[in-house]
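Colleague: Take this structure first; my questions come after.
The values are calculated or read from the model by the stated rules, or taken from the named source; none is laboratory data. No experiment lies behind these values; they were computed from the predicted model shown. Cβ atoms come from the backbone with ideal geometry, glycine included; neighbour counts cover every protein chain shown. These accessible areas exclude ligands, DNA and RNA; they are computed on the full protein's heavy atoms, side chains included. Shrake-Rupley method; radii C 1.70, N 1.55, O 1.52, S 1.80 Å.
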Amino acid sequence: MLDLTTSQVLQLSMSLILAIILFVTALRYDDRFSIGALIVLLPVQFVESRFGTSNMMMTYLVMFAFILKGRIRLAPLFIPAVLLLFAYGLSFSMSHPAARIYHILYIIGFVSNILLFYLVYNFIQRTGDWEFVLKALLVTNAIVVLACAMELAAAGSSIRLFGVDEWLIKAGRARVGRMVGPFGSTHTTADYLVAQTVLTGFFLVFCKGRNLRRLAFALVILNTGIIIATGDRGGFVGYLL
């Protein structure tokens, strides 16, 4: 019998319930809910361990549901993806035998990113609703901004959401005064916000809704401030370019 802590039981229970809901919804109902949920939950990991994350599991389940429904018909950039996985395979073949299980787990997690791309691509090609995806990305961006605000509010301490150790929001790097963000890395957070700012700017130009334009403009301003707060030089240069 597994000896699980209360926080681990809570995480596993929430992940299992959410995964089942997404699978059933993707299989029987409108695709927008499952696609939107996968995008919105990008910065949120209910379970994150060396064996994988909750988002990875949900991506595989939604892909399986979409395949059963015949929703996956296009595979753009398939050859580059195969070549990339082939390169990973070569690297795996030269790894130490004791570490190969971790390489396998990493490759499984990496493939979930490719599957998410195919899910979103086929959804847009089938429905033509690219605005829905961008709106979901705006919500994701708002969640990242909220997480960064909570990190700033920690002010040298830490915040445990619902008392779960794995859902720990720490204050920024005290030694250098840099914001880490929900991705656990200043570099990753800055890169995400740079890419998101480009998409948000595109939405700001072409969206006709006044309230959405105001939200997009506010997110561009907040993203800029957070990119500066991360102190990541590469992200800031990329943002300027």
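Colleague: If I model a spin label at LEU199 and PHE236 as a point 7 Å from the Cα along the Cα→Cβ vector, what separation in nanometres do I get?
Modeller: So the label points at LEU199 and PHE236 sit 2.5 nm apart.
Colleague: Over segment 61-114, average the accessible area per residue using a 1.4 Å probe and give it in Å², no decimals.
Modeller: Details: 3670 Å² over 54 residues.
Accessible area per residue, segment 61-114: 68 Å².
Colleague: Please give the length that would be gained between ALA87 and LEU146 if that part of the chain were fully extended, namely 0.36 nm times their separation in residues minus their C-alpha to C-alpha distance (nm, one decimal). Could the numbers behind the result be given before it?
Modeller: On the way: separation 59, 0.36 × 59 = 21.24 nm, distance 3.74 nm.
Contour length minus Cα-Cα distance gives 17.5 nm.
Colleague: Suppose each label sits 7 Å from its Cα in the direction of the beta carbon; what would the ILE67-PHE117 distance come out to in nanometres?
Modeller: 1.8
Colleague: Would you calculate the separation in nanometres between label points at SER185 and PHE206, each defined as 7 Å from the Cα along the Cα-to-beta-carbon direction?
Modeller: Computed distance between label sites SER185 and PHE206 equals 3.0 nm.
Colleague: Arrange the residues LYS69, LYS208 by how much accessible surface each exposes, largest first, with a 1.4 angstrom probe. Before the final figure, lay out each step's value.
Modeller: Numbers: LYS69 55, LYS208 195 Å².
Largest accessible area first, the list is LYS208, LYS69.
Colleague: I'd like the carbon and sulfur percentage of the solvent accessible area for segment 75-140, probe radius 1.4 Å, heavy atoms only, ligands and nucleic acids excluded. Walk me through the numbers on the way to the answer.
Modeller: Values: 2930 of 3920 Å².
The C+S portion of the solvent-accessible surface of segment 75-140 is 75 percent.
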